[in-house]
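Student: Right, I'll just put the structure down here and ask away after.
The values are calculated or read from the model by the stated rules, or taken from the named source; none is laboratory data. As the structure is a computational prediction, the values presented were derived from the model and not from experiment. Virtual Cβ from ideal backbone geometry, glycine too; neighbours counted across all protein chains shown. To get the accessible areas, we keep the full protein, side chains included, count just its heavy atoms, and leave off ligands, DNA and RNA. Shrake-Rupley method; radii C 1.70, N 1.55, O 1.52, S 1.80 Å.
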Amino acid sequence: MQREGMPMWLPGLLLTAVALVAGGMIALQAPINAEAASRLGHPISAATMSFCVGTVALIGLTLLFARSSTNLGALGSMPLYMLLGGGLLGAMYVTITLFLAPKIGVAAVMALGIAGQLVAALLLDRFGMFDLIERELSLGRVGGAVLVL
């Protein structure tokens with residue numbers, strides 16, 4: 001079946017390709033930031049540089065694409081974990097990966113990172129944390145995670 005001259009499977013394939021490219025970007029980020037840490041003299045300095053550049057880029061993207069739909073008033077009613085959690089967790093992740101990449105290799109950092117993400121995701125789903133739908137730890141879900149690992 002086609003929609004507007006495009007096969008139905010094509011959007012899914014394109015989204016899959018975008019996800020793969022995004023994953024590759026994460027793998028590239030670790031050695032680039034690790035080299036920056038080496039030149040700057042400290043991993044935290046490189047992580048700071050990385051987040052400053054990312055912040056400027058995101059401000060620009062917000063102004064270009066999301067200015068009219070952004071509700072800044074919602075910031076006052078958000079719980080502390082929402083205001084600080086994502087940024088702090090991201091900063092910790094970037095700092096840890098750029099510290100570890102030269103020591104254990106990018107592939108090991110990425111593989112262990114994916115393992116940690118899968119374990120955390122299974123637990124988040126199991127307990128329905130952060131308003132997620134609670135999902136049982138079935139043999140299929142755990143087996144799928146093991147196969148990915």
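Student: Working only within region 112-136, note down all residues that are among the hydrophobic types (A, V, I, L, M, F, W, C) and surrounded by 13 or more Cβ atoms within 10 Å (Cβ to Cβ).
Tutor: Across region 112-136, the qualifying residues are Leu112, Ile114, Ala115, Leu118, Ala121, Leu122, Leu124.
Student: Out of Val119, Val142, which single residue is outside the structural domain of His42 (by the TED database), touching a residue at least 24 places away in the same chain (Cβ under 8 Å) and in a helix (DSSP H, G or I)?
Tutor: Val119
Student: Continuing with this model, one more query. Run down Ala101, Ala91 and say which single residue is in contact with a Ser or Thr (Cβ under 9 Å, 6 or more places away or on another chain) and under 20 Å from Ser38 (Cα atoms).
Tutor: Selected residue: Ala91, the only one of Ala101, Ala91 that is in contact with a Ser or Thr (Cβ under 9 Å, 6 or more places away or on another chain) and under 20 Å from Ser38 (Cα atoms).
Student: Continuing with the same structure: Being open to solvent by 100 Å² or more (accessible area, probe 1.4 Å) and not small (Gly, Ala, Ser) narrows it down to one of Met25, Met49, so name that one.
Tutor: Met25
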